[in-house]
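Here, each number is a calculation from the coordinates, and none is a lab measurement. As the structure is a prediction and not an experimental result, all values here were calculated from the model. Cβ: placed from backbone, ideal geometry, glycine included. Neighbour counts: every protein chain shown.
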Amino acid sequence: MATDITTLPSTALADGKPLESLQLARACLKNIEGMTNALENIDEFKATLRSCAGCALLELDKLDEALKEHKLDYDISKDQENSDGIARALDNIGRTYARKKEYDQAVKFWEQRIPMKKTTLESAWLYHELGRCCLELDRYNDAIEYGEKSLSAAVEAEDENWRINSSVLIAQAQVKLSNDVKALESFNEALELAKSLDDKAVQDAINKAIDDIKFRMEKGESGTDEGARKSSDQKNDLDGDTENKREESPEPNYTPPPSDEESEQEPDSENADDKSPQQSPTASDNNDSEPARKDSGQSEDSKSKEANDEKLNSNTNSDESASANKNSAEAPADEEGNDSESGKPVKLTVR
């Protein structure tokens with residue numbers, strides 16, 4: 001019975017049925033309310049079911065309700081001194097706040113998660129999500145620091161997708177600091193990796209970012225208001241393409257962080273299918289305009305950009321994949337060490 005209690009809602013969530021998962025989780029919680037002495041580890045099951053309900057609500061875009069469930073998961077797990085449950089709850093609280101665009105709160109909870117990471121791939125995801133939140137908060141130096149930590153972990157894990165994600169994150173922060181030369185180096189590194197994966201969508205997005213930087217440098221716009229506007233457009237465009245890929249790749253998404261073992265089991269062919277992009281956390285909208293175009297109020301370029309923004313926004317911030325949600329809702333004993341939305345690269349993210 002204990003197995004059924006946690007498996008049914010998790011399976012429904014993994015199958016892309018969040019409403020069914022939510023109904024099952026709540027029904028199970030109701031059924032075990034009076035079973036204090038009849039069911040071993042009942043509090044652990046309650047915490048897991050709360051997590052499952054929270055992930056389902058997040059998929060249904062009921063963010064406040066999702067946050068409440070994940071905080072209940074955290075409170076129960078903390079009372080039970082269940083480290084896996086605490087890690088899971090911190091993951092999900094962070095990604096829920098990221099979805100709410102409350103990035104300072106996401107950083108607060110994800111930083112508590114750092115001492116609990118267990119694998120290099122998990123570290124790559126966590127540091128990346130923290131970096132993306134810092135980028136959104138205009139904390140560009142912190143974004144670079146977390147991006148470099150994510151990159152180091154991704155290199156150690158030999159995960160090309162997360163290397164691309166972290167390199168793009170670093171480049172975007174460097175652009176914001178007007179370090180265009182360093183930004184070009186980071187973008188070019190990401191471009192070579194995208195070529196090795198034969199990812200045309202990400203290659204195109206990175207190439208556009210590189211062209212924008214070169215154009216601004218030639219025009220002497222680096223560090224100016226016009227340069228800042230164009231780099232912001234460039235960031236949105238990259239975020240859209242990489243976010244989609246991130247959500248499709250094996251990770252923790254814009255949901256639970258993947259373990260090194262899971263990464264090894266992913267077939268190579270899957271990477272080739274993960275094109276055109278999540279998570280954050282977690283954490284921005286998308287679009288871009290041609291580098292050589294000039295901004296003129298409500299011009300045709302401006303109208304086109306707004307239309308592209310809406311289209312890109314609809315493709316991003318799906319923040320967690322079904323697989324990530326499944327991991328988040330699994331019983332603590334089965335977790336790799338934690339779950340959260342952002343494990344897929346980039347949730348490739350160039351969010």
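Structure values in brief
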| item | result |
| --- | --- |
| For segment 1-156, the Rg and Dmax computed from alpha carbons only, in angstrom | 16.7, 53 |
| Gyration tensor over alpha-carbon atoms, segment 98-204, equivalent ellipsoid semi-axes in Å | 22, 17, 11 |
| Entries of LYS117/LYS208; LYS71/LYS195; LYS108/LYS176 with Cα pairs more than 30 Å apart | LYS117/LYS208; LYS71/LYS195 |
| Inter-label distance, nm, simple model (7 Å from Cα along the C-beta direction), ASP75/LYS195 | 5.5 |
| Stretchable slack from ASN188 to MET217, in nm (0.36 nm times residue separation minus alpha-carbon distance) | 8.8 nm |
| Sequence ranges 18-27, 46-55, ranked by mean other-Cβ count within 10 angstrom, highest first | 46-55, 18-27 |
| Note, ³J(HN,Hα) from phi for segment 71-84, Karplus 6.51, -1.76, 1.60, rounded to Hz, x at Gly and Pro | 6, 5, 4, 4, 4, 5, 5, 5, 4, 8, 6, 8, 5, 5 |
| Rounded if a/c under 1.5, otherwise prolate or oblate - segment 73-132, Cα gyration tensor axes | oblate |
| Estimated distance in nm for a label pair at MET35 and LYS68, the labels positioned 7 Å out from Cα along Cα-to-Cβ | 2.4 |
